[in-house]
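Every number in this text was worked out from the coordinates using simple rules, so none of it is lab data. Note that the coordinates shown come from a computational prediction; the quantities given were computed from them, not determined experimentally. Cβ atoms come from the backbone with ideal geometry, glycine included; neighbour counts cover every protein chain shown.
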């Protein structure tokens, strides 16, 4: 820090202590970064299809992810029908069931949630929220989306090859994933591995953009600590993804070779039908380590953007500054760092050294600390806030409750001794659906209701929205609460049918109940999609900045923002995005680009 | 120009709501680090690649402990390839220096030599593959073989990716239609990437020699 700044601080301090505070003249820093050369689309194709505009790419990502997510939803219905009403539906054989389980899991985790949060929201919001005209490498960004689309198409194509898609479970554990007997061990598994590899390569291109745009292309005055928490969440998640996805790529490459070339990276000596297969000495546990070294950060790749977005939604819709902004940023960063040293808690029953389990149980439980801090901060933000029960707020509240629920069961599963009896039961299924299925989805829905006016210029239908919220929220609990109980009585997950097992005497009715609830919740999502499609063209027109938010994306000259985002001049930022209900002035909120001289009497808000 | 080397931890302990911090923050120009976007991009790519190769090295070390591991004997051709790669890196460094001194005619020739040597390296690696295949050392025979093929292939793919950018820079330079500071930077970034791949090769080759 140089002399000049110190002097400024001192004069400033002297001013405020004397009681007659004179606002400093607005100081607009010189633009040291030359304006970005902006790519201009020349035709329909380059504007809407092979677009290099991050906003269009964001929407493309979101639509593709939603489309493939719908397939995942339908697959879950197949599973639920089989579990609730076994031996009723002739089209649901064991192979179809396992294929549904596998594809549902992989689609939802990777192709829906990751792509929607980072590819969809990341692309749309990062440039707008940090005050940039576009991503730093727009061409790469376009390639990233097309790689994702190809990855999705390869994945979908596995439904149409002989043997169908892989049915190895979403974790794809070898050796069973590539041995005959597992559905899809012919072509399905290869297509899955190729698709994942393409996804990783495509994502790396996008991730490069997100990280560098956030680090280097912010507008003037936008320090790291003035960024909305949404950006912090997406940024940290992208860093995690850049470091974690390589593990998936490495695992995919080696398993593809095991399958196609007959190498034995992961394949041990196997005798089948009295004959020895050609493989020797490979280590299936090595695959598990690689997979979960990716798999656990993946949980936070989905959760951190959700944390960030929900913080902003709560702050805007409760008209209150987010409680403990710095603590929120630190929590995001600490959770991100810790997520790399907890992976083996997915492998407690793999026969590892007990001290190894001790270490991973400890790190796992430590993550509860920053996570709990975040939950407290959300609640304290709501405390005495001016809570508007808008749909985004409803979903945010739903998120907090659901996340606490799923988080607390996580504390149990994080302990080796409790995990061992509960491992591979429906308790685990309930836990991870609550914490990384329903909770992030609540945020996604809230975020869509929140930002839809920005993207389309129209509001979503409020009545449909409320129906959507209440059925999804209550329905989610109707589905997953009973699953905890099923887990307690010992019902194992992944089983095609329990037949007359004594486990199931009290579980039959519950399973039917869950299935009915799942079908209802599923159909409600179609209502939501109808709402989006209908409102995009016929919805009620939204005024500018309908939620009275402070962050830059709402303050573009036109809404929806046009190519280049901001008009001739990029905005200059003078404050963080949480100046709601600031004392001392007559306006209720101060957008980020309002200079101190426009609000001379604003007092510093205690945080 | 202001200093931008404040550590990340210092940055995230700022209190953006305080008036004294606000004065500093209003001066902020929007960059976190004092490097260009392209350079940061190359660095990020190198970090991601490092993670990929590290995970392979870890897998290699884990897998070689199992009894069925039979080490490969490295042919002398691999040593020649290594020398070629070292030479490429040295010449790329020289190219960068030439470009910095605005000697663009010499830079052109130097870039061509780099490209030629890199193709020679890739051809050399393919010859090594052919050598092993002729000996019947297929990937499925032994995990050591499998790792050899995978690691060389991955390293080769990285080099091919680099050659794509090398080709872009070279055509820009030969068309005489370029921005001088940009082309200097592009050449520098390519050189950094080549040095990175040389280091990766040292580690991979060293690992295979040592085991």
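How compact is segment A:44-122 by the rule of thumb for globular proteins, expressed as Cα Rg over 2.2 N^0.38 Å?
Compactness ratio reported: 1.43.
Between residue A:389 and residue A:375, with labels modelled 7 Å along Cα→Cβ, what's the label distance in nm to one decimal, could you check?
2.3 nm
Top mean-square fluctuation among B:93, B:155, B:28, Gaussian network model of chain B, C-alpha springs under 10 Å?
B:28
As a test of the formula, what do you get for the protein assembly as shown when each DSSP H run with n ≥ 4 contributes -39,500 (n - 2.57) and the sum is divided by the residue count, at 222 nm and rounded to the nearest 500 deg cm²/dmol?
Calculated mean residue ellipticity at 222 nm is -21500 deg cm²/dmol.
Using only Cα positions of segment B:74-140, each an equal point scatterer, no hydration layer, compute I(q)/I(0) via Debye at q = 0.12, 0.16, 0.27 Å⁻¹ and quote the log10 values to two decimals.
Computed log10 I(q)/I(0) values: -0.41, -0.60, -1.05.
Considering the alpha-carbon set of segment A:173-312 alone, what are its Rg and its Dmax in angstrom?
Cα-based Rg and Dmax for segment A:173-312 come out at 19.7, 72 Å.
Just to be sure I understand: if I project the alpha-carbon convex hull of segment B:17-74 onto a plane and average over all orientations, what area do I get in nm²?
Its Cα hull, projected and averaged over all orientations, spans 8.1 nm².
Go ahead and run the numbers for FRET between residue B:80 and residue B:54, Cβ-Cβ distance against an R0 of 25 Å, rounding to 0.05.
0.40
So how do A:312, A:258, A:419 line up by other beta-carbon neighbours within 10 Å, fewest first?
Ascending Cβ contact count within 10 Å gives the list A:419, A:258, A:312.
If I fit a long axis through the Cα atoms of helix A:325-338 and take the longest principal axis of the Cα atoms of chain A, what angle between them do I get, 0 to 90°, rounded to 10?
30 degrees
Would you calculate the volume per residue, in Å³, of the smallest convex hull containing every Cα atom of segment A:421-572?
Cα convex hull per residue, to the nearest whole number: 148 Å³.
How high is the FRET efficiency from residue A:500 to residue A:260, r the C-beta distance, R0 41 Å, rounded to 0.05?
With a Förster radius of 41 Å, E is 0.45.
Averaging over every viewing direction, what projected area does the convex hull of the Cα atoms of the protein assembly as shown cover, in nm²?
37.7 nm²
Length gain on complete extension for the stretch residue A:160 to residue A:85, per 0.36 nm per residue less the alpha carbon to alpha carbon distance?
24.3 nm
Can you tell me, using C-alpha contacts under 8 Å and at least 6 residues apart, the relative contact order of segment A:54-267 as a whole percent?
Contact order relative to length: 23 percent.
Over segment A:521-607, what is the relative contact order in percent, taking alpha-carbon pairs closer than 8 angstrom and at least six residues apart?
23 percent
Arranged by the count of other C-beta atoms within 10 angstrom, fewest first, what order do A:76, B:140, B:13 take?
Result, fewest neighbours first: B:13, B:140, A:76.
If you take each beta carbon of peptide A:52-64 and count the beta carbons of other chains within 10 angstrom, what is the mean?
0
Between the helical axis of B:180-210 and the dominant principal axis of chain B, each derived from Cα atoms, what acute angle in degrees is found, rounded to the nearest 10?
Once rounded, the angle reads 40 degrees.
Need the C-alpha centroid separation for segment A:276-321 versus segment A:485-538, integer Å.
One Cα centre to the other: 24 Å.
Two decimals is fine: what's Rg over Rh for segment B:38-210, C-alpha atoms, Kirkwood radius as Rh?
My calculation of the ratio gives 1.03.
Under a plain spin-label model, where a point goes 7 Å from the Cα along Cα-to-Cβ, how far apart in nm are residue B:87 and residue B:34?
Between residue B:87 and residue B:34, the simple spin-label model gives 3.9 nm.
For chain A, what does the relative contact order come out to in percent, with C-alpha contacts under 8 Å and a separation of six or more?
15 percent
Cut-off 12 Å, label point 7 angstrom out along Cα-to-Cβ of residue A:47: give me the residues of segment A:531-572 whose amide nitrogen falls inside.
Those under the cut-off are A:563.
On average, how much area does the Cα convex hull of segment A:545-607 cover when viewed from any direction, in nm²?
4.6 nm²
Could you tell me the distance between the Cα centroids of segment A:440-460 and segment A:583-603, to the nearest Å?
That distance is 27 Å.
Return the inverse of the average 1/r over all pairs of distinct C-alpha atoms in segment B:119-202, which is the Kirkwood hydrodynamic radius, in Å to one decimal.
It works out to 14.7 Å.
Using the C-alpha atoms of segment A:54-267, what convex hull volume per residue, in cubic angstrom, is computed?
Output value, Cα hull per residue: 115 Å³.
Calculate the FRET efficiency for residue B:195 and residue A:533 from the Cβ-Cβ distance with a Förster distance of 51 Å, rounded to the nearest 0.05.
For residue B:195 and residue A:533, the calculated efficiency is 0.45.
Can you tell me how much longer the chain between residue A:269 and residue A:568 gets when fully stretched, taken as 0.36 nm per residue apart minus their C-alpha distance, in nm with one decimal?
So the extension gain works out to 100.9 nm.
For a quick check, take a GNM of chain B with Cα springs below 10 Å and name the residue from B:124, B:156, B:30 with the largest mean-square fluctuation.
Comparing B:124, B:156, B:30 in a Gaussian network model of chain B, the most mobile one is B:30.
For residue B:119 paired with residue A:548, estimate the spin-label separation in nm (one decimal), with each label point 7 Å from Cα along the Cα-to-Cβ line.
6.8 nm
Relative to the compact-globule scaling 2.2 N^0.38 Å, provide the ratio for the alpha-carbon radius of gyration of segment A:269-325.
This ratio for segment A:269-325 stands at 2.28.
Provide, as a two-decimal number, the C-alpha radius of gyration of segment A:496-607 over 2.2 N^0.38 Å, N being how many residues it has.
Segment A:496-607 yields a ratio of 1.91.
Please work out the C-alpha center-to-center distance from segment A:372-409 to segment B:26-81 and express it in whole Å.
Each part reduced to its Cα centre gives a spacing of 41 Å.
On C-alpha positions alone, give me the angle between the axis of helix A:94-106 and the longest principal axis of chain A, in degrees, nearest 10.
Around 20 degrees separate the two axes.
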